[in-house]
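FYI, it's all coordinate maths here, none of it is from the lab. Since the structure is predicted, the reported quantities are computational estimates derived from the model, not experimental observations. Cβ sites come from the backbone with ideal geometry, for glycine too, and all protein chains shown count toward neighbours.
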Amino acid sequence: MDSNTPQQRANEREDLQNNSPENNPLARVNSSIPGGEKSGLRTPSDPRNCRYEPTPRWWRIVEGLGAFAVIAYAVITGWMWHDSNRNFTVNERAWVGPSDVMQLYIVTDDAPGTQAFADYSIKNFGHGPALKVNSKGRFIQFIDGPGQEEAAHAELDKTAQTVCADTLAATSSLGMTVFPDQVFAMVQTPVASGSDIVFTKGARNVKQLWFIGCVTYRDQFGTSHWSRFCFTVSDEKTITPSEKLPWRYSPLYNDTDEEQKQ
C-alpha cells in the first residue's frame with residue numbers, strides 16, 4: 001500500500017520535472033560527465049563558476065600598445081644617454097696638436113752644408129689634461145732631378161702611415177702632461193734618418209721640403225689619441241736655408257684619430 005500522500009507524490013513529480021535535462025542546464029552538464037549526476041560538478045564555462053567578467057578585446061589591444069610604448073621609450077632613452085655621454089667626453093677631453101706653423105731652427109750654416117731642426121709648439125686645446133704626451137717627426141725633401149718628385153711623394157706617403165705608430169712606440173712610461181691652454185715648445189730632429197737635415201751647398205737643388213709629425217697622448221678618461229700634422233715649404237728655385245722660410249700647413253696629413261671637436 002502506497003504510504004505517500006497525494007501532496008508528496010505531486011512534489012516528487014515536480015522535482016523530477018525540474019531536474020530533467022530539458023529544463024535544467026546543470027543537469028545537462030552533469031549528465032554528460034561520468035558520475036556527474038552524483039558529484040554535482042560544474043564546468044569552467046558555467047557562468048556561475050566565472051569570478052571575473054571576460055576582458056574586452058579592445059582592452060587587450062590597449063595593453064599591448066602600452067607595453068610597446070614602454071619598450072620604445074626605454075630604447076630611445078638609452079640612445080639619448082649614450083649620445084649625451086659621448087658628446088660630454090668629446091667636449092671635455094684633451095685635444096692636442098700644433099699651436100702654429102713650424103719654423104726652421106738653424107744649427108750650423110758652415111760648409112759643406114746646413115744643419116737644421118724643426119721648431120714648433122704643441123698646445124692642449126681641450127678642457128682636460130693630456131697625459132703621456134709625446135711628439136716626433138721627420139723631414140722629407142724633394143730634390144730637383146729625374147724621378148725625384150715621385151720618389152719624394154712616395155716617401156711622404158709611407159712616412160704618413162707609420163709616423164704615429166713610431167711616435168707611440170717612442171713614448172716613455174711617463175711622458176709629458178699638458179694642461180688645458182698650455183703650450184710646449186718642441187725641437188725635433190728627423191727620427192728616421194737619425195741625423196739632422198742637411199742642405200748641401202751647390203750639390204743639391206731642394207725644391208720642396210715637408211716636415212711630417214705626430215702627437216700622441218692619453219686623455220683624462222684613459223683613451224689614447226693621436227694628431228698628425230704636416231708642414232711644407234716650396235720654391236720654384238732652390239730653397240735657401242733660413243729661419244724665415246714661409247712654412248705652411250700641407251693640404252694632406254693634418255688629421256686626428258676622431259672627428260673634430262664640436
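Checked against a 32 Å cut-off, the cross-linked pairs Lys136/Lys207; Lys132/Lys207; Lys123/Lys237 give Cα-Cα distances beyond that limit for Lys132/Lys207; Lys123/Lys237.
Close amide H partners of Trp95, meaning residues 5 or more places away or on another chain with modelled amide H under 5 Å apart, are Phe125, Gly126, His127, Gly128. Label separation (Val101 vs Glu258): 3.0 nm, computed from points 7 Å beyond Cα along the C-beta direction.
Near Asn205, the amide H atoms lying under 5 Å from its own belong to Asp144; only residues 5 or more places off or on other chains count, and H is placed 1.01 Å from N.
What order do you get for Tyr253, Tyr217, Tyr105 when you list them from fewest to most C-beta neighbours inside 10 Å? Don't skip to the answer; put the middle values down first.
Working: Tyr253 21, Tyr217 29, Tyr105 15.
The order, fewest Cβ neighbours first, is Tyr105, Tyr253, Tyr217.
The simple spin-label model puts a point 7 Å past each Cα toward its Cβ; for His127 and His82 those points are separated by 2.3 nm.
The modelled label-to-label distance for the pair Tyr73/Ser224, using points 7 Å beyond Cα in the direction of Cβ, is 4.4 nm.
Electrostatic bookkeeping for Val178 treats Lys and Arg as +1 and Asp and Glu as -1; over the other residues with beta carbon under 15 Å from its beta carbon, the sum is +2. Taking other Cβ atoms within 10 Å as a rough exposure proxy, Ile212, Ile143 sort from fewest to most as Ile143, Ile212.
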